[in-house]
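A quick write-up on the structure given underneath.
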Number of protein chains: 2
Amino acid sequence: MTLDTQARQPIDRSTCSALDAADPLAHFRERFVLPDGVVYLDGNSLGALPRATASHVARVVTEEWGQGLIRSWNDAGWFEKPLVLGDRIAPLIGGAPGEVTLGDSTSASLFQAVVAAARLRPGRRAIVAERGNFPTDLYVLESVQELLGGDAPLERRLIADDGPTLAEVLDEDVAVVVLTHVDYRTGRMHDLAEVTRQVHEAGAIVVWDLCHSVGAVPVELNAAGADFAVGCTYKYLNGGPGSPSFIWVAARHQAEARPALTGWHGHARPFAFELGYAPAEGIGRFRVGTPQLLALAGLEASLELWAEVDLEALREKSLRLTELFISLVDARLGAWDVEVVTPRQSARRGSQVSLRIGAADGYAVMQALIDGGVIGDFRAPDLVRFGFAPLYVSHADVCDAVDALEDVLASGRWREPRFARRGLVT
Amino acid sequence: MTLDTQARQPIDRSTCSALDAADPLAHFRERFVLPDGVVYLDGNSLGALPRATASHVARVVTEEWGQGLIRSWNDAGWFEKPLVLGDRIAPLIGGAPGEVTLGDSTSASLFQAVVAAARLRPGRRAIVAERGNFPTDLYVLESVQELLGGDAPLERRLIADDGPTLAEVLDEDVAVVVLTHVDYRTGRMHDLAEVTRQVHEAGAIVVWDLCHSVGAVPVELNAAGADFAVGCTYKYLNGGPGSPSFIWVAARHQAEARPALTGWHGHARPFAFELGYAPAEGIGRFRVGTPQLLALAGLEASLELWAEVDLEALREKSLRLTELFISLVDARLGAWDVEVVTPRQSARRGSQVSLRIGAADGYAVMQALIDGGVIGDFRAPDLVRFGFAPLYVSHADVCDAVDALEDVLASGRWREPRFARRGLVT
């Protein structure tokens, strides 16, 4: 089943088309593969495939690996690839060259960052996190609390948007504050500079999770004087499924930062095969083991494209898309008790909009939408989530999505048994 | 420059050809891409590209990612992929289904394994390792010693082939013994069953590094009653540059094993997005974050091929190749004070042969060999290393390699300045 946009006349179709015609980023859409009959609003979970990626990955497989074999570690620059690509991510987050390296997964990079951060504040026994962190961050913190705690685990203090606040839990015993810049469920965005200032005032170190920020919203880490950050490249950056995480460490911390995963690619002289660990100078010490080159190849192709993007124009379009979506939801979906959970104040909003639907089961609604070609996702317990990747989502997509959502609710199609919850909720 | 095999008549060329004609594994060679003019004896560092890999990776990129998008987490089995491929690795190491998962890098997997192993022996304050471990293992152990030590780091006791012996350092204070089954430098192989027995007698846990074993020599983890193992898939298994590591945990340990990298993919209910960490049942708890699917795609293709391999025939061919190489070196290279560092006793030898050359600089010799199309590698301070991947290395390759080595030494070509050591030694 595909979108039924011909059969009905959505309220704002002409407005949407006019906005697309005037969109300075519209030309990027043709650089991506978008399946026929699909409105893809899940680029905040897995970004779409850039058209240039397949041939680049194929070249790495057949030429660099197949023909170059082991020689490609030097000749194709494999060894330095995580740092070279890190330097291309730096400008997307307000970082400088030499401050970013690619890692394994965000979980592993967060572990690296938090251990190193906590070690910069020895003696302090508390870590602050927030309920809205993506759960893996909290799971990793449990491990860090135990490993760094010695006789007893470090204390954890959880903040939340509905309290307790950061101000209420910060004191001279807090070593590290781990926060997600844009909340994965609600799309709520922190004021990165202001929160960083607040953390520093308490003498603590801040670790920012930028998974839902990079490629979606402006991030100015150095302007804010931030300390550490990690993020993911397979969402808005289009690196491919599970493409590697990145870690950013402010230049001023690098010399004294001590990572926990002390693999040989982070060694000062990896090919001297010395018996003792000696950290590399700079960000290189945050590398771990041999990087997964085929995954890096996917990311390399997408970062070529990202180098062309005007980040200010990106943010403007993102806000236009989310505002349009919210206004259409407000205008047309009131009958089903649909609540916009994402902040309406643009400065506090990432590039997604999450809804809570009072009169229907959100999971089933999303399944029915996906069945009809509008792909968003569901986050337990009750949020339907729509991501607006500004490089390939059009204003017309927004109209079509709201049409489809209204249709699913009005028709009651979401009640069909095939849309009911299964075991593995995604 | 390519191999000069036409111009001279090597001693044993007819013997080699006869051995190739009788080789039951010879047909596998055509399943791999091998560049023209190259004798590839570095499959112990980066395995050759299977012919089927490029199209499989391309399909994952264009269909699973490009068309399937986020739906492929369910529809293409992405979420379970590290466990599904783990089950295909299990028979290659004498493991059972449900005992292996793919990880990130070997360094990260070793960290996972050693922390979990040490936690099974609380109160014991020493870790045994060996000088011959690949250095990343030692570097990672330094971190584990500190993180698990509490007030003072855990003690490390190093053994070596020239002493101290395992028996000399084992006592009731040893929690974990971390050993490399096949030494990456010398190719020396431990008796896995006997060493495991010895470790258990002291009440300790053994963690085996199988990087240079899997796909090269017989490994019977369960028959030996081993505890933990990690290994790499980009060497003899041909998974591609930096393809993910694996971790094996004996079924009897899984319920009480507590990993250190507690990412969401190792959670019991990852998509419930719970705030607290709860480990998955079984080997799944050793997963960390989102796996790098494009790298896994490369590995998936090669494991299809490995499912066809008779491991007994593989070992037989491996020994034939290494014995042939050693006998040719003995017969022809004595004039240059060439020492075979690898054990001559077949039961103690992996699938590589390392040489120390008294009358020449090994680094320069290897560079001259590579320049001439025979690719092995050099390991500091003085070893030239030749790996014999039985699926695609022929007996004729062995002859050609010794011809080339003799020629490089006899001609003195290794003295050319372009072959001298540079900064990044590989």
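Taken together, the values in this text are just the output of simple stated rules run on the coordinates, not laboratory data. Everything numeric in this text was worked out from a predicted model, so none of it was measured. We place every Cβ from the backbone using ideal geometry, glycine too, and count neighbours over all the protein chains shown.
Odds and ends about this structure:
- Other-chain or far-sequence residues with amide H under 5 Å of residue B:33's (modelled H): B:49, B:51
- Residue-wise HN-Hα couplings along the range A:279-289, as the Karplus relation 6.51 cos²θ - 1.76 cosθ + 1.60 with θ = phi - 60° gives them from phi, are x, 4, 5, x, 5, x, 5, 8, 6, 10, x Hz; Gly and Pro carry x.
- Under Karplus coefficients 6.51, -1.76 and 1.60, residue-wise ³J(HN,Hα) of the range A:348-353 in Hz, glycine/proline x: 10, 10, x, 10, 9, 9
- Ranked from largest, the principal axis spans of the Cα set of the protein assembly as shown equal 89, 58, 51 Å.
- FRET efficiency, 1/(1 + (r/R0)^6) with R0 25 Å, evaluated for residue A:67 and residue B:416 via beta carbons: 0.55
- Percentage relative contact order, chain A, counting C-alpha pairs under 8 Å, at least six apart: 22
- For residue A:80, distant residues with modelled amide H under 5 Å away: none
- Top of A:248, A:73, A:306 by mean-square fluctuation, Gaussian network on chain A, Cα under 10 Å: A:73
- Selection of trypsin sites (Lys or Arg not before Pro), the range B:55-150, meeting DSSP coil and at most 15 other Cβ within 10 Å: B:131
- The calculated FRET efficiency for the pair residue B:272 and residue A:161, based on their C-beta separation and a Förster distance of 25 Å, comes to about 0.75.
- Highest average first, the peptides A:367-374, A:232-239, A:35-42, B:333-340 ordered by how many other beta carbon atoms sit within 10 Å of their residues are A:232-239, A:367-374, A:35-42, B:333-340.
- Expected 222 nm ellipticity per residue - DSSP helices of 4 or more, -39500 (n - 2.57), all of chain B, to 500: -10000 deg cm²/dmol
- D (Stokes-Einstein, µm²/s), Kirkwood Cα radius, the range B:24-148, 1.567 mPa s at 4 °C: 70
- With θ taken as phi - 60° and the Karplus curve 6.51 cos²θ - 1.76 cosθ + 1.60 applied, the whole-hertz 3J(HN,Hα) list for the range B:120-130 is 7, 10, x, x, 6, 10, 10, 10, 9, 9, 10 Hz, x standing for glycine and proline.
- Spatial separation of Cα centroids for the range B:315-375 and the range A:318-396, in angstrom: 64
- For the range B:174-217, averaging the sequence separation of C-alpha pairs within contact (under 8 Å, six or more residues apart) and dividing by the residue count gives a relative contact order of 54 percent.
- The mean sequence distance of close C-alpha pairs (under 8 Å, at least 6 residues apart), as a share of the length of the range A:1-154, puts its relative contact order at 11 percent.
- Exposure proxy ranking for A:300, B:30, based on other Cβ atoms within 10 angstrom of each Cβ and starting from the fewest, stands as B:30, A:300.
- If R0 is 35 Å, the Cβ-Cβ spacing of residue A:201 and residue A:344 corresponds to a FRET efficiency of close to 0.75.
- Sorted largest first, extent of the range B:288-418 alpha carbons per principal axis (Å): 50, 33, 26
- Over the C-alpha trace of the range B:144-188, radius of gyration and Dmax come out as 12.7, 38 angstrom.
- From the C-alpha gyration tensor of the range B:79-306, square roots of 5λ in Å: 26, 22, 15
- Chain B: mean projected area of Cα convex hull, nm²: 21.8
- 13 Å reach of a label modelled at residue B:194, 7 Å along Cα-to-Cβ, counting backbone N of the range B:156-172: B:166-167
- Amide H contacts under 5 Å for residue A:39, placed H, 5+ residues apart: A:374, A:375
- Most simply put, the range B:79-306 has about 35% antiparallel DSSP beta bridges, counting only bridges with both residues inside it.
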